[in-house]
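The values are calculated or read from the model by the stated rules, or taken from the named source; none is laboratory data. This is a predicted model, so every value here is computed, not measured. Using ideal geometry, Cβ is built from the backbone for each residue, glycine included, and neighbour counts are taken over all protein chains shown. What goes into the accessible areas is simple: the full protein's heavy atoms, side chains included, and nothing from ligands, DNA or RNA. Shrake-Rupley method; radii C 1.70, N 1.55, O 1.52, S 1.80 Å.
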Amino acid sequence: MRISRSLYLIFLTVILIIYYLVAAIYLNNLGYYNHESLFYIEKTRIVFDGVGARLKVMGLTSPMIPFMATFFFTSISYTLAPALASAIGTGMLFHVIAGTLIKRRDDDFFMYLLLAIFLFHPGILYTAASGKSTYLVLIFFFLFFLNLLKFYRSNTTFHVSIASICLVTLIFCDYKFVWLTLFFLPLVLTITIHSLNLGEQESIFRLFLSFNSPSLRRKLVNKTFALYIILFALPLVAVLCYKLLNLTHASDLNYFSESPYATWNVLIDKLSFDQQTTNNIYQIPEISLLLSARVLLFCPMILIAIYLFRESTYQILTLLTPFAFIEFLHLKYDKVYLAYQYYLIFIVLAFLCVMFKSQTVKNQKSFRILLVLSVIVQLYSGWYFLKTSPIAEDRNFLSVLTKRTEDKTQADNADVAGYLNSLPDDAHILMDDATAYGVVAFVEPQKIKSLTMPYQDNFLSGVESPDKAADYIVIATAKNLVTGYTQLNDRYLVSIKRTLPQLIFKKVYETENWIVYRVVK
């Protein structure tokens, strides 16, 4: 009995998930963590084991959807939850893409190409084993463009509605994708013009005919307005509601995107850029337009995709919107390096376009050779981009993956957490998780109740009068890179001793980045 393609796809997905789980658990056992996964671990511990306004932490931690996706795996392990989520999520990404493929092409060649990418591409392995939220970004980016291409073929607004939902979800996986809407605003008019049943093919002549005919003009205006409403109303309302939620509970519309207590990348992106720009080793900076050239080197298949859509101007413009998007990110966030995930979106977009248009190519043999070569180049460039990334976390992942040696990056945080775990259960510990979330991530669940952190109402009074609220204080040392971003540093001790000279702070534990003091009352 022959196995159906859908059942075969499920089998492949399960095998891939096991493959990713083995890689994720292995790297976790080697001590590999990154700032994003540690941030999720720390906030999850607060939500399930903390004391205080935990609902605010759960609702305002950003990005919201990746954070909540880790909840499903906390019963297995807090520290492993983000890695499990990314491993299974990347397997689901493969299932979504491959499911779309088998509906359109009854050809195993493209399935082999897809498997090669998901098995060997370093970026996909990074997505699956790191605990980062990239897998959700890729899933909903793929679904967004999939439904747009479906709309271009069927002219059915149902697909635009689904694309709008995918865009909302994408924004709540990475808020920076809200700027993608800017580049679809002018594109909607072009799409509407081409959706009209006119004999003329050129856009400028279609527009001329539409504006010179009252009935066509009315139809163009109505359809354009309808598409704007369907595509952008839901994202606009969703973001507005979320900003109002932040204003209500944090007195700041942009708390979720600008506060180090709400999102991990506010502080880390700045530190990464500062470290790189002060590095003695010169690296070519990210320059506008050259950024798009880097994308072409990273994913040459996108050139094939653009060539396949060459007969349709508005569809080519749709494929070019991600290029405009990353150039805009580079200009707006000029103190932040472009993250690796923004390169990966072009891989899923290119494969989607190849799926849609591959059957239109006459010389299939040459076309397939070209696709194989492009995949080989992408595998190499994916490794090279990780190895030479300006972001230290990217390079660290590749180093741990290839050398298979224990990762000591978070050893300092784990050591401090180990000491805090050894303290009596009734001890009260004051610490600032804007910078010390890496320490809190390794604290045992039963110990979380002993910590006094900024999300709790008594934190500020504890900072002002530590003798009344704390038995121990975790202080950032002068060598700690984040010491300038927290109130609890060595300068704090000097100021508090001036205010409360009778207090004595006894050093009980010290590492390179942290000092634990006992408050002698």
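What to note about this one:
- Residue that is surrounded by the fewest Cβ atoms within 10 Å (Cβ to Cβ) [pool: residues in the stretch 328-381 that are touching a residue at least 60 places away in the same chain (Cβ under 8 Å) and outside any helix (DSSP H, G or I)]: Lys335
Let's see how each residue does on (1) surrounded by fewer than 24 Cβ atoms within 10 Å (Cβ to Cβ); (2) of a type in the set (D, E, K, R); (3) farther than 27 Å from Glu512 by Cβ:
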{"site": "Ala436", "(1), (2), (3)": "no, no, no"}
{"site": "Phe442", "(1), (2), (3)": "yes, no, no"}
{"site": "Gln446", "(1), (2), (3)": "yes, no, yes"}
{"site": "Ser450", "(1), (2), (3)": "yes, no, no"}
{"site": "Glu464", "(1), (2), (3)": "yes, yes, yes"}
{"site": "Asp467", "(1), (2), (3)": "yes, yes, yes"}
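- Any hit, the stretch 124-131, residues being out of contact with any helix residue (DSSP H, G or I) (no Cβ under 9 Å at 6 or more places or on another chain) and either within 21 Å of Phe71 (Cβ to Cβ) or acidic (Asp, Glu) (or both): no
- Selection within the stretch 51-62 - out of contact with any Leu (no Cβ under 8 Å at 6 or more places or on another chain), in contact (Cβ under 8 Å) with a residue 24 or more places away in the chain and of a type outside the set (Ser, Thr, Tyr): Val51, Gly52, Ala53, Arg54, Lys56, Val57
- Enumeration of residues in the stretch 390-424 that are closer than 14 Å to Gly438 by Cβ, in a loop (DSSP other than H, G, I, E, B) and open to solvent by less than 30 Å² (accessible area, probe 1.4 Å): Asp407, Gln410
- Remark: Val440 matches the filter, which requires a residue to be touching a strand residue (DSSP E or B) at 6+ places or on another chain (Cβ under 9 Å), closer than 28 Å to Arg45 by Cβ and either touching a residue at least 60 places away in the same chain (Cβ under 8 Å) or not aromatic (Phe, Trp, Tyr) (or both).
- Number of residues in the stretch 471-488 that are open to solvent by 80 Å² or more (accessible area, probe 1.4 Å) and more than 14 Å from Thr511 (Cα to Cα): the value is 2.
- Any hit, the stretch 477-495, residues being within 25 Å of Pro424 (Cβ to Cβ) and more than 39 Å from the chain's Cα centre (by Cα): no
- Unmet criterion (only one of (1) exposed (fewer than 15 other Cβ atoms within 10 Å of the Cβ); (2) over 29 Å from Lys176 (Cα atoms); (3) without any contact (Cβ under 8 Å) to a residue 40 or more places away in the chain) for Tyr8: (1)
- Hey, Gly99 open to solvent by less than 10 Å² (accessible area, probe 1.4 Å), on the phi < 0 side of the Ramachandran plot, touching a Ser or Thr at 6+ places or on another chain (Cβ under 9 Å) and small (Gly, Ala, Ser) or not: no
- Among the residues of the stretch 77-110, the ones that are of a type in the set (A, V, I, L, M, F, W, C) and farther than 15 Å from Gly131 by Cα come to 8 in all.
- Tyr255 within 27 Å of Leu371 (Cβ to Cβ) and either modelled with pLDDT of 90 or more or hydroxyl-bearing (Ser, Thr, Tyr) (or both): no
- Residue in the stretch 8-20 that is part of a helix (DSSP H, G or I), at pLDDT 95 or above and closer than 24 Å to Phe356 by Cβ present: yes
- Of the helices (runs of 4 or more DSSP H) entirely within the stretch 427-521, those holding at least 3 residues that are closer than 23 Å to Leu38 by Cα occupy 433-440.
- Given (1) in contact with an Asp or Glu (Cβ under 8 Å, 6 or more places away or on another chain); (2) surrounded by 18 or more Cβ atoms within 10 Å (Cβ to Cβ), index of the condition Tyr40 fails: (1)
- Residues satisfying the stated conditions in the stretch 124-168, i.e. within 23 Å of Leu401 (Cβ to Cβ) and either free of Cβ contacts under 8 Å to residues at least 60 places away in the same chain or of a type in the set (Lys, Arg) (or both): Lys132, Tyr135, Ile139
- For Leu227: the one exception among (1) modelled with pLDDT under 85; (2) more than 22 Å from Pro66 (Cα to Cα); (3) open to solvent by less than 60 Å² (accessible area, probe 1.4 Å): (1)
- Residue in the stretch 48-68 that is part of a helix (DSSP H, G or I) and of a type in the set (S, T, N, Q) present: no
- One residue alone among Arg491, Arg518 is of a type outside the set (A, V, I, L, M), over 14 Å from Asp433 (Cα atoms), out of contact with any His (no Cβ under 6 Å at 6 or more places or on another chain) and surrounded by fewer than 17 Cβ atoms within 10 Å (Cβ to Cβ), and that residue is Arg491.
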